[in-house]
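Computed from the coordinates by the stated procedures, all read-outs in this text should not be read as laboratory data. Please read all numbers here as calculations on a predicted model, not as lab measurements. Glycine gets a Cβ as well: all are built from the backbone with ideal geometry, and neighbour counts include every protein chain shown.
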Amino acid sequence: MLFTPTPIGFVRSQYQQTADIPKGFGARHDAEGVLEIKPEFEAGLTDIEGFSHLFVIWMFDRSEGFELLGTPPIDDRPHGVFATRSPRRPNPIGLSVVELLRREDCRLRVRGVDMLDGTPILDIKPYLSSVPADTLRRGWVADAEKRHSTRSDR
Ligand SMILES: C[S@@+](CC[C@H](N)C(=O)[O-])C[C@H]1O[C@@H](n2cnc3c(N)ncnc32)[C@H](O)[C@@H]1O
């Protein structure tokens, strides 16, 4: 029971190429951008203004192929693709949490984009996290951060 995804809109961002997007330790994702939703889906934005943050589900439309093991920018060790946020995935689906700044009809101005300009948007959902912070485990990311801070202290 597979479906053919139809973009509900496109990201407008300041990033034209992947090298423009901050990566690595200390990278901040506070760039503003616009989620431009197609007019035929505008009714689906009804009541979205009440949410401070949104999940944006989108397509890595400019990545090719996938690798099951890869070394992320914040580590020097390989990890499985499903334990990373790599753009090179079997199904090239991206997931970003953005802050909703305002809605102007079909346009959502948001903060926190890490997508290239023109990225197809597949879905938007309100961000509601019910996971208490003290129960989260950060896996290899926590180890990489610890090694990085030890090295920076030297
Ligand atoms: C590490 S991924 C994380 C994306 C998302 N937050 C996630 O977790 O799925 C972010 C990187 O994807 C790449 N990227 C962004 N938009 C893309 C697009 N439309 N096609 C291919 N690669 C893209 C850029 O290199 C960017 O730095």
Between GLU32 and residues 5 or more places away or on another chain, which pairs have amide H atoms under 5 Å apart, with H built 1.01 Å from N, and which residues are they? GLY112
Using only alpha carbon pairs under 8 Å that are at least six residues apart, calculate the relative contact order of the chain and give it in whole percent. 35
Anisotropy class of the range 68-128 from Cα gyration tensor, a/c 1.5 cut: prolate
Note down the magnitude of the dipole of the range 1-134 about its Cα centre, charges +1 on Lys and Arg C-beta and -1 on Asp and Glu C-beta and zero elsewhere, to the nearest 20 debye. 180
For the LYS146, ARG111 Cβ pair and Förster radius 25 Å, calculated FRET efficiency rounded to 0.05 is 0.30
Once all Cα-Cα distances of the range 1-41 are split into 5 Å bins that start at 0, what whole-number percent is in each one? 5, 17, 18, 17, 15, 13, 10, 4, 0
Considering every pair of different Cα atoms, what Kirkwood radius, in Å, is found for the chain? 17.2
Can you compute the charge dipole magnitude of the range 38-101 about its Cα centre, using +1 on each Lys and Arg Cβ and -1 on each Asp and Glu Cβ, nothing else charged? Give it in debye, rounded to the nearest 20. 320
I'd like the FRET efficiency for LEU95 and ASP153, computed as 1/(1 + (r/R0)^6) with the beta carbon distance as r and R0 of 35 Å, rounded to 0.05. 0.60
A convex hull over the alpha carbons of the range 31-82 yields, per residue, a volume in Å³ of 162
What list of ³J(HN,Hα) couplings, whole Hz, do you get for the range 87-94 from phi and the Karplus terms 6.51, -1.76, 1.60, once you set θ to phi - 60° and write x for glycine and proline? x, 9, 10, x, 10, x, 10, x
On a 0 to 90° scale, report how tilted helix 139-153 is relative to the longest principal axis of the chain, with both axes built from alpha carbons and the result rounded to the nearest 10. 60
